[in-house]
Amino acid sequence: MRTVTLVEQSDAELVRHTLCGDKSAYNTLVLRYQRQVYNLAYRMLGNAEDSGDLVQDTFIRAYGALASFRQDASFLTWLYKIASNLCIDQLRSRKTRSALSLDSEREEGREPANENRCNAPEDMAVRGAVQEVVHHAIQNLPERYRQVVVMRHLQDMSVEEIATALDLPTGTVKTHLFRAREMLRGRLRPALEMEADGK
Amino acid sequence: MENRFEKQEEEKQDWGAYVKPPQTSRPSQESEASAQSSGEQLQRFEPRSETSSALCDIVREHLHALVENDGAIRPEQAAAMFAHLTICRDCAREFDELNRIVSVLNSMPLSPLPHDYSGLIMLRIEREMGGLYPLMDIPPNLATSSWTGEAAQQTSQSATQLNNRSLAGILSQTALPLWSRVVMLGAFFATLLLFLTSAWGRATLDATLSTVQDWLHQIAQATAEIPLLGAITAEAFNALSQSVHLLEETYLHIGANAMRGVFLDTAIAMGVYFIYQGRQKAKRAG
Ligand SMILES: [Zn+2]
């Protein structure tokens, strides 16, 4: 029995221990997944401070709802679900805040003129910061496209996992993904051409 | 969105004005020979690849799925598309761009964590919802590994089932919801009422009641010897032993029929409860 503890414990075990009152088990889960949750938040929200807050809120909310976690499901996907809902809430409240100050109507697909807007993409590419350009291009995608792109490419989730996390049909996830890539293709073309020229 | 749509149609009309659309009839070609026929179409259209042809539209529509490469496109379709890509510069460029977007996105590194948030998170959990768990009745020593963990869950379930068979077990089960405890208490009183409404039950109970009365008296006497507190406790137990008499008289005075009515109601309530439980179990099972 004792030797088992030397092997890394599975998420399901740690969840069960937490439900039995063992807080250190939950601490292990936080240590295991905080970076992934942070990255999802960072790519969705665009800045480190909000993302840090979101990591905390996600794990606290998950703790409160832990009894409802189905133990045969993936804990990380479940965390992503909570985190992406919190991200969307955060982005909506930002939107209403800026809608009060800005008259501009933001339609989907149109670049929102917010603090995340990138300065001339070419400049950044010249500085070799293609990743920076890509990060900003992602920030300017409509929310639902953004979360799918982030989950698929930056968090390396499968379409099925994303569908589970977002409660969407896989067909819809793919459609969002394809539209998002199409938008990124248009916006990143100058940066990618520059990168290709540099090589 | 609307604008784009109109524009596309315009383009098609313009295109139609210059060039004759392919003379081949579509439906017959969408059968098995589609790969070959699209190859033929391609060759016919290759010199005019600067203008977007109907085939280009089809290829571009499925280009994302081709990039995704998850089996959504059948191999023969994929072969036909790749054949088109080798001769159509525009489609090939689009395919290349999409592939580059995907590879750039995939190569985005995970950002480093600016802080370790675990300490802060655990502190906030302690402060905001400290006493939330334990919720489960599994002994931690049984749940140490995944295999024994499963076993622990099963053991605890069968233990619960065993316990449910005795009233004492049911009342000591802290995991039972409040309302089911109320039902159990109801069942207990129903049994008591059954005893009281039948002649032999009363006879048995009469004997038991007098025994209980004796016990309470004895306890009262024993506790009376303890200074201060003892006097109060003795009074309490004396009162209890009196109330046993009162209860007995009440039961005997209320009509037996009324008692039976109450009993019947309780029995119906129990029946409903067990049917409900059965359904819940069936739901959980599958
Ligand atoms: Zn083409």
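FYI, it's all coordinate maths here, none of it is from the lab. Computed from a predicted structure; not experimentally measured. A quick note on method: Cβ atoms are made from the backbone with ideal geometry, for glycine too, and the neighbour counts reach across all protein chains shown.
Some notes on this structure:
- Residue, nearest to the chain's Cα centre (by Cα), within the stretch A:141-196, restricted to residues that are among the acidic types (Asp, Glu) and outside any helix (DSSP H, G or I): A:ASP156
- Criterion: at negative phi and not in a helix (DSSP H, G or I) - qualifying residue of B:LEU120, B:LEU110: B:LEU110
- In the stretch B:52-107, the residue that is nearest to the ligand (Cβ to nearest atom) out of those that are within 14 Å of chain A (Cβ to nearest Cβ) and farther than 22 Å from A:GLY186 by Cα is B:ILE73.
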